[in-house]
Each structure stands twice: as C-alpha cells, then as structure tokens.
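Q: There's a structure below that I have some questions on.
Derivation of every value follows stated rules applied to the coordinates shown; laboratory data play no part. None of the values given here were measured: they were computed from a predicted structure. For neighbour counting, all protein chains shown are included, and Cβ atoms are generated from backbone atoms with ideal geometry for every residue, glycine included.
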Amino acid sequence: MSVASGEVPSDERLRSMNVANRYASPWSWRVRFGGVLWHVVWLLLFRPTPKPLTPWRVFLLRLFGAKISGKVYIAPDVKVKYPWNLEMHDRSCLAYGAEVYNLGYCVLGEHAVVTQLVYLCGGTHDLSEEDQRLVVGRIEIEDEAFVGARALILPGVKVGKGAVVGAGAVVSKDVPPWMIVAGNPARPVRPRFHPRSIHGMGPSSSERSTESDRPTGEAR
C-alpha cells in the first residue's frame with residue numbers, strides 16, 4: 001500500500017497549510033488514515049524487530065511509500081511520521097532514537113548519517129497569524145553529511161554535502177557544504193577537511209577556498 005500525501009510537493013522548501021480555522025486539520029482523511037495505519041504497523045511489526053533486520057524495516061517503509069535506494073541502516077526505534085515523505089540513498093543511516101517528523105519531504109543523501117536522538121522537525125506554526133496555521137518544510141541532509149546526537153534540524157533546512165552538525169545543535173538555517181557548525185543557534189566553527197579528499201570525496205580546492213574566505217560568523 002502506497003499512501004501519497006498529495007498536499008506538500010517534494011521540492012518545496014516551506015509551505016503554509018491553509019485551514020478553515022485554527023482547530024481544523026490541514027490533512028485529508030486519506031493522509032490521516034494512512035498515518036494511523038502506519039503507526040499500528042510501526043508499533044507491531046517495526047519497533048520490536050532486532051537490529052539485523054534492517055531489510056524488513058526498509059520493506060515496511062517502502063510499503064508505505066518511502067523511496068529508499070541502495071543499502072541503508074535504520075534502527076528499530078526510529079520514528080518516521082509519514083513514510084511517503086521520506087527518501088534515503090545508499091549507505092545513509094538513521095540511528096537509535098532518531099525521529100523524522102516529516103510533515104514535509106525529508107531526504108538523506110548517500111553516506112549521510114543521522115545519529116542518536118536527532119530530531120528532524122519538518123513542521124512548525126506561524127505564530128504571527130491568528131489561526132497559527134501549520135507550516136511544513138523540506139529537510140535535506142546531503143551526501144556525506146553528519147548530524148551529531150540530539151541535534152535539532154528545523155523546517156526548510158538543507159545540511160550541505162559533507163557538513164557536520166555538532167551534538168545538541170539547533171539548526172534553523174542552511175549549513176554550507178563541508179562546514180562544521182555547533183551551538184544554539186548553530187554557528188560555523190571551521191571548515192571540515194575530510195580524509196576522503198584525496199580520493200575526490202571531500203571538498204574541492206574551490207570549496208576549501210570559498211569556506212576559508214568566509215567570515216567566521218557567517219552561516220550562509
């Protein structure tokens with residue numbers, strides 16, 4: 001069974017959801033039913049599985065519309081709000097306790113690592129509006145990026161290729177490629193020089209030059 005939301009385009013960074021009033025749900029009955037059905041499947045067939053059964057967990061996510069390619073790792077207690085809004089690529093990882101609150105689309109690139117207890121938050125509310133309408137956002141964790149334990153990634157954020165988000169960081173803005181950020185709010189610490197650079201996996205010389213010339217306090 002594949003359940004597609006049909007309400008939040010996968011390429012849209014931020015979107016305000018229209019509702020009749022502040023108490024009305026912005027989701028169709030199909031999305032709500034799919035969410036309830038997925039929660040039951042997660043509780044009974046996903047969460048109790050042992051660590052080696054990642055292929056089974058991948059099968060269940062795909063059954064509900066997740067786009068997963070190559071070999072990935074998904075811990076048994078990972079929470080995914082809406083599987084049909086999840087895309088994972090080869091060797092990406094969702095570690096123990098991670099939660100993907102993907103009201104908007106969420107993408108993990110190749111070799112992207114989301115470590116323990118990270119919260120990928122794809123939804124918030126517009127508190128400047130009287131109805132406090134729901135705002136959903138796309139989250140991208142690009143190839144080779146690493147998100148440290150207990151970090152919070154907010155809606156509409158892109159963590160660039162090879163970037164590192166420090167443990168406990170709160171990320172509300174895009175993280176440039178091959179940059180290490182930390183803190184609340186997350187700020188640049190220094191460029192990341194990856195050992196795979198010698199094999200063409202790390203930042204190019206132009207990327208290193210760009211990041212070296214960037215002012216210390218500039219996050220974007």
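Q: Within the stretch 136-156, how many residues are touching a Lys or Arg at 6+ places or on another chain (Cβ under 7 Å) and either of a type outside the set (Asp, Glu) or buried (at least 20 other Cβ atoms within 10 Å of the Cβ) (or both)?
A: Selection size over the stretch 136-156: 8.
Q: Among the numbered conditions (1) over 23 Å from Gln116 (Cβ atoms); (2) more than 18 Å from the chain's Cα centre (by Cα), tell me where Trp84 comes up short.
A: Failed condition: (2).
Q: Another question, if that's okay. Say we look at the stretch 107-135 and pick out the residues that are surrounded by 24 or more Cβ atoms within 10 Å (Cβ to Cβ) and out of contact with any Phe, Trp or Tyr (no Cβ under 9 Å at 6 or more places or on another chain); which of these is nearest to Arg13 (Cα to Cα)?
A: Once the filter is applied, the top-ranked residue is Leu108.
Q: Could you list all residues from the stretch 161-175 that are within 13 Å of the chain's Cα centre (by Cα), assigned to a loop (DSSP other than H, G, I, E, B) and buried (at least 19 other Cβ atoms within 10 Å of the Cβ)?
A: Once the filter is applied, which keeps residues that are within 13 Å of the chain's Cα centre (by Cα), assigned to a loop (DSSP other than H, G, I, E, B) and buried (at least 19 other Cβ atoms within 10 Å of the Cβ), the stretch 161-175 yields nothing.
Q: Oh, and also: Of all strands (runs of 3 or more DSSP E) completely enclosed by the stretch 29-111, which ones contain at least 3 residues that are closer than 20 Å to Val147 by Cα and hydrophobic (A, V, I, L, M, F, W, C)?
A: Filter on the stretch 29-111 gives 106-108.
Q: Right, next: Just to check your reading of the model, which residue among Leu127, Leu117 is at positive phi, of a type outside the set (D, E, K, R), in a loop (DSSP other than H, G, I, E, B) and without any contact (Cβ under 8 Å) to a residue 60 or more places away in the chain?
A: One residue alone meets the criteria, Leu117.
Q: Looking only at the stretch 31-74, count every residue that is touching a Phe, Trp or Tyr at 6+ places or on another chain (Cβ under 8 Å), farther than 14 Å from Val100 by Cβ and touching a residue at least 40 places away in the same chain (Cβ under 8 Å) and tell me the total.
A: Counting residues in the stretch 31-74 that are touching a Phe, Trp or Tyr at 6+ places or on another chain (Cβ under 8 Å), farther than 14 Å from Val100 by Cβ and touching a residue at least 40 places away in the same chain (Cβ under 8 Å) gives 2.
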